[in-house]
Amino acid sequence: MSRMRFYEFVPGFLSWITIALMFLISWLSPTGVAIFIILFDIYWLLKTIYLSLHLRSTFGRMKKNLKINWLEKITTNSQLLNTDWQDIHHLIILPMYNEPYEVVKESFEALANTNYPKDKFIIVLATEQKAGEIAQQTAKKIEKEYGDKFFKFLITAHPADLPNEIPGKGSNETWAGKQAKELIIDPLIEESKNLISVNPRSNQRKSALLSSYDNILVSVFDVDTQVPLDYFGILTYTFLTAKNPQRSSFQPISLFTNNIFQAPALARVIAFSSTFWHMIQQSRPERLTTFSSHSMPFKAIVEVGFWQTDIVSEDSRIFWQCYMHYNGDWRVVPLDYPVSMDANVAPTFWQTMVNQYKQQRRWGWGCENIPYLLDGFKKNKKISWTKKLYWKFNYIEGFHSWATNSLIIFALGWLPIILGGPDFKFSILSYNLPLVTKTIMNLAMIGIITSAILGVVLLPPKPKWFKKRHYLLYFIQWILMPFTLIIFGAFPAIESQTRLMLGGKYRLGFWVTPKYRISPQPTTDN
């Protein structure tokens, strides 16, 4: 067995051995398990309080940042910046498969409505050749409506069945990024150099179109990503004030709220749970890796060879590519600023649930990064052992907790009673175990209550049919959270880790989450 193949066993083996031990030790040592679950529930209570504090902290910073005019801030505080902000260009790549025109249009409308100078935007609508003519028609329609609003607009069509690739965002983004480099960026830099060489003392130097890769930020957005008015203002400001901007990624908060009023209750709870997790991570930047829509220096993308084309989780893998390439000198800078994306919605409830499970399973497939980082740490002798130990523990523990924690909480409260035999069943500890665990878990409801309140606060402008009674419904929907933690949390995570462990035909390919829009409803500002 190769070293990489051995590493692929690690996450799945740890999860399955934990599940097996739950049953085995509940039978062999029910008293020990009963004590363990009480201690574990206390740990979960403390962790819930800890995470709730981080959630509230991020929410407070996000509210504050949304009130700031960031474009004005970078124009009036130039002395704080490492570079003249007007030298910075934004390459924005939007990978697209067969998403409806309405979804793509909403995202481009948001881009066009930003207050940042559009002559700094290079837009790449990255389509897939295999998506067919309808996708190309959608792209051309978008170009016709929005192409002249930006400095440059490029449609790319990623060819199907290229060698050493799997269909997915990573391969599409790499094709789009290389096309943008070859067709737009490199010619612009060459033109800029020629302007400067002809007359280096003239004002043309400041007005040069583009001077180097150092002055390009690339943002990769899912095609349903809608950016707020001042997103590129805060992104540019953060980039130009960061301690080491060329060694940093920049991560916004993903709010899955674009179509939240069209989602069933279960999908809403899952959407907000995902949002809140990413908000919590913004308050723990030392543990933050890139996810979904994010931004980073174009120079780094070129130096690491663009996104890997044979994996599914390219959004997190690009962090590890940079981390290994720069010998641990890479970090993710939280923006504490949102972008909005779609919640999972399909024409029927059951199809929504199926799609929701598949999406969570794809996110759980991020465990494919574990063998990559373990192998990379083994090969790279320049990264300190403390950094290696920190990331090994936290990354593996994160996926292990995802797969097992909810099962431990909801199973070990009764497994010792069922499997522990008559001696334990009629003991005082057995009688009190459900009462003690129930009390501790009721106290842990503080996390659900916090989530329920923020879930209502973060709702976008309401449709006309939304009445006061709906606030109550959107609050009490959180009683579904224990169900979602197991069915749409633990189960897809375990499946992903098991597939990685089995390898071969069981490995996951990239699954595109279908986007869907019900006929739009008029909105109010309530």
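The values are calculated or read from the model by the stated rules, or taken from the named source; none is laboratory data. All of these numbers come straight from a predicted model, not from anything done at the bench. Quick reminder, even Gly has a Cβ in these numbers, built from the backbone with ideal geometry, and neighbours come from all protein chains shown.
Scanning region 281-338 for residues being within 14 Å of G177 (Cα to Cα) and over 13 Å from the mean Cα position of the chain (by Cα) gives a total of 14. Among the conditions (1) over 17 Å from the mean Cα position of the chain (by Cα); (2) without any contact (Cβ under 8 Å) to a residue 24 or more places away in the chain, W277 misses just one, which is (1). Does V354 qualify as being more than 25 Å from M22 (Cα to Cα), β-branched (V, I, T) and touching a residue at least 40 places away in the same chain (Cβ under 8 Å)? Considered against the rule, which asks whether it is more than 25 Å from M22 (Cα to Cα), β-branched (V, I, T) and touching a residue at least 40 places away in the same chain (Cβ under 8 Å), V354 comes out as no. Here M1 meets the list (1) in a helix (DSSP H, G or I); (2) farther than 18 Å from F410 by Cβ almost entirely, failing just condition (1). Against the numbered list (1) farther than 18 Å from K392 by Cβ; (2) assigned to a loop (DSSP other than H, G, I, E, B), T352 comes up short only at (2).
Report, by residue number, each residue of region 96-122 that is of a type in the set (A, V, I, L, M) and not in a loop (DSSP other than H, G, I, E, B). The answer is V103, V104, A110, L111, A112, I122.
Residues F475, F483: which one is in contact (Cβ under 8 Å) with a residue 40 or more places away in the chain, surrounded by 13 or more Cβ atoms within 10 Å (Cβ to Cβ) and under 22 Å from F261 (Cα atoms)?
Values: F475 fails: in contact (Cβ under 8 Å) with a residue 40 or more places away in the chain.
When all the criteria are applied, what remains is F483.
Of the set (1) surrounded by 13 or more Cβ atoms within 10 Å (Cβ to Cβ); (2) modelled with pLDDT of 90 or more; (3) charged (D, E, K, R), all apply to E182 but (1). For region 373-391, check the following and say yes or no: at least one residue is touching a residue at least 60 places away in the same chain (Cβ under 8 Å), among the β-branched types (V, I, T), over 30 Å from I518 (Cβ atoms) and part of a helix (DSSP H, G or I). Looking for residues that are touching a residue at least 60 places away in the same chain (Cβ under 8 Å), among the β-branched types (V, I, T), over 30 Å from I518 (Cβ atoms) and part of a helix (DSSP H, G or I), one finds none in region 373-391, hence no.
Taking the listed residues L235, L210, the one that is closer than 24 Å to A112 by Cβ, aliphatic (A, V, I, L, M) and not in a helix (DSSP H, G or I) is L210, with no other qualifying. Among the residues making up region 419-431, a single one is free of Cβ contacts under 8 Å to residues at least 40 places away in the same chain and surrounded by 13 or more Cβ atoms within 10 Å (Cβ to Cβ): K425. Candidates in region 151-175 are the residues that are in a helix (DSSP H, G or I) and out of contact with any Phe, Trp or Tyr (no Cβ under 6 Å at 6 or more places or on another chain); of these, the one that is nearest to Q137 (Cα to Cα) is N172.
The residues of region 479-508 include none that are in contact with a Gly (Cβ under 7 Å, 6 or more places away or on another chain) and at pLDDT below 90. Among the conditions (1) free of Cβ contacts under 8 Å to residues at least 12 places away in the same chain; (2) charged (D, E, K, R); (3) crowded, with 21+ Cβ neighbours inside 10 Å, E128 misses just one, which is (1). Taking region 326-361 as the range and being surrounded by fewer than 22 Cβ atoms within 10 Å (Cβ to Cβ), over 18 Å from S273 (Cβ atoms) and of a type in the set (D, E, K, R) as the test, the residues that pass are D329, R331. Could you check, for region 241-254, whether at least one of its residues is touching a residue at least 40 places away in the same chain (Cβ under 8 Å), at negative phi, in contact with a Ser or Thr (Cβ under 9 Å, 6 or more places away or on another chain) and among the β-branched types (V, I, T)? Yes.
Restricting attention to region 66-80, the residues that are under 12 Å from L240 (Cα atoms) and in a loop (DSSP other than H, G, I, E, B) add up to 1.
I need the helices (runs of 4 or more DSSP H) fully contained in region 404-453, keeping only those with at least 2 residues that are of a type outside the set (A, V, I, L, M) and touching a helix residue (DSSP H, G or I) at 6+ places or on another chain (Cβ under 8 Å). If you could, list the steps in order and put the result at the bottom.
Values: elements: 415-419, 421-425, 428-443.
Hits in region 404-453: 421-425, 428-443.
For the residues V345, V339, V333, the requirement of being farther than 30 Å from L24 by Cβ, at pLDDT below 95 and among the β-branched types (V, I, T) singles out V345.
Y390 meets each of the listed conditions (1) within 30 Å of N65 (Cα to Cα); (2) surrounded by fewer than 16 Cβ atoms within 10 Å (Cβ to Cβ); (3) of a type in the set (S, T, Y) apart from (1). Checking each residue in region 20-56 for being in contact (Cβ under 8 Å) with a residue 60 or more places away in the chain, farther than 27 Å from F426 by Cβ and of a type outside the set (D, E, K, R) picks out W44, L45, T48, I49, L51, S52, H54, L55.
Residues checked against (1) modelled with pLDDT of 90 or more; (2) small (G, A, S):
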| residue | (1), (2) |
| --- | --- |
| S26 | no, yes |
| N65 | yes, no |
| E72 | yes, no |
| D84 | no, no |
| I92 | yes, no |
| M96 | yes, no |
| E102 | yes, no |
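Does I301 fit the bill of being modelled with pLDDT under 95, on the phi < 0 side of the Ramachandran plot and crowded, with 24+ Cβ neighbours inside 10 Å? No: the conditions fail for I301. Across region 290-314, the number of residues qualifying as touching a His at 6+ places or on another chain (Cβ under 7 Å) and in contact (Cβ under 8 Å) with a residue 40 or more places away in the chain comes to 1. For region 493-512, which residues satisfy the criterion of being buried (at least 18 other Cβ atoms within 10 Å of the Cβ) and part of a loop (DSSP other than H, G, I, E, B)? Those that are buried (at least 18 other Cβ atoms within 10 Å of the Cβ) and part of a loop (DSSP other than H, G, I, E, B): L508, F510, V512.
Among the residues of region 482-490, none qualifies, meaning not one is part of a helix (DSSP H, G or I) and farther than 27 Å from V354 by Cα.
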